[in-house]
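Remarks on the structure that follows.
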């Protein structure tokens, strides 16, 4: 079992946060927490926070940090987080990190480690522009690094694989620029606290082994 189990994963789009999280979830009773999933769930359940977010999104406005942090706090308060969690996609900014710190303190769930998957831009761009998704089950593949066994067909369900229009080179470069602008201060923020674990390996098995060694 991991001794350090309350985690944040930070990494640029294409760094492999979802892939590595998936491997760890198969081995340990951790909960994967994605702000996108939380947002959809809150809206679906028609909670007060969900209604606030839905109204803002309908008007084309960004959901304020306080609303997102409130949703994350509510998710972290649930019983299944007792065994540990991986926060993926939150926080993205120092302000969000401050809100998260207050929520974790209130809940008595101290943050153990922040895992930063640091990958060269060239490799990130290759991954992002070769990504494919399954129309049926949502599984993610990469034509270069993690292809399906049969081209264009999902290994898991046999569904059709497709490439999103926003996985173009220009879009990928813009996504990386946004990540570095928002997240560089966040990396420094956690580094000052002594919580940052920076990993530069790109092989999935090697990354998982390093994480297990560091968090044991």
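The values are calculated or read from the model by the stated rules, or taken from the named source; none is laboratory data. Please read these numbers as outputs of a predicted model, since none were measured by experiment. Neighbour counts are summed over all protein chains in view; Cβ atoms, including those assigned to glycine, are modelled from backbone coordinates with ideal geometry.
If residue 103 satisfies all but one of (1) closer than 16 Å to residue 7 by Cβ; (2) touching a helix residue (DSSP H, G or I) at 6+ places or on another chain (Cβ under 6 Å); (3) crowded, with 19+ Cβ neighbours inside 10 Å, what's the number of the condition it fails?
(3)
Would you be able to tell me the number of residues in the stretch 106-124 that are buried (at least 19 other Cβ atoms within 10 Å of the Cβ) and in a helix (DSSP H, G or I)?
1
Please go through the stretch 23-43 and give me each residue that is assigned to a helix (DSSP H, G or I), surrounded by fewer than 20 Cβ atoms within 10 Å (Cβ to Cβ) and modelled with pLDDT of 90 or more, ordered by number.
Within the stretch 23-43, 23, 25, 26, 27 qualify.
Identify, please: which residue in the stretch 149-163 is surrounded by 11 or more Cβ atoms within 10 Å (Cβ to Cβ) and part of a loop (DSSP other than H, G, I, E, B) and is, among those, modelled with the lowest pLDDT?
Filtering the stretch 149-163 for residues surrounded by 11 or more Cβ atoms within 10 Å (Cβ to Cβ) gives 152-163.
Narrowing the set further to residues that are part of a loop (DSSP other than H, G, I, E, B) leaves 152, 154-159, 163.
On the way: 152: 94, 154: 97, 155: 97, 156: 95, 157: 97, 158: 97, 159: 97, 163: 89.
Only one residue tops the list, namely 163.
For residue 69, state whether it is in a helix (DSSP H, G or I), crowded, with 21+ Cβ neighbours inside 10 Å and without any contact (Cβ under 8 Å) to a residue 24 or more places away in the chain. I'd like the intermediate steps shown before the answer.
Working: in a helix (DSSP H, G or I): yes; crowded, with 21+ Cβ neighbours inside 10 Å: yes; without any contact (Cβ under 8 Å) to a residue 24 or more places away in the chain: no.
The answer is no for residue 69.
Have a look at 210, 186, 176 and point out the one that is under 18 Å from residue 118 (Cα atoms), surrounded by 13 or more Cβ atoms within 10 Å (Cβ to Cβ), touching a strand residue (DSSP E or B) at 6+ places or on another chain (Cβ under 9 Å) and touching a residue at least 40 places away in the same chain (Cβ under 8 Å). Before you say what the answer is, go through the steps one by one.
Values: 210 fails: touching a residue at least 40 places away in the same chain (Cβ under 8 Å); 176 fails: touching a strand residue (DSSP E or B) at 6+ places or on another chain (Cβ under 9 Å).
On inspection, the qualifying residue turns out to be 186.
Please go through the stretch 75-97 and give me each residue that is out of contact with any helix residue (DSSP H, G or I) (no Cβ under 6 Å at 6 or more places or on another chain), surrounded by 15 or more Cβ atoms within 10 Å (Cβ to Cβ) and more than 20 Å from residue 4 (Cβ to Cβ), ordered by number.
The answer is none; no residue qualifies.
Starting from residues that are more than 17 Å from residue 94 (Cα to Cα) and touching a residue at least 12 places away in the same chain (Cβ under 8 Å), keep the ones in the stretch 51-66 and report whichever is nearest to the chain's Cα centre (by Cα).
53
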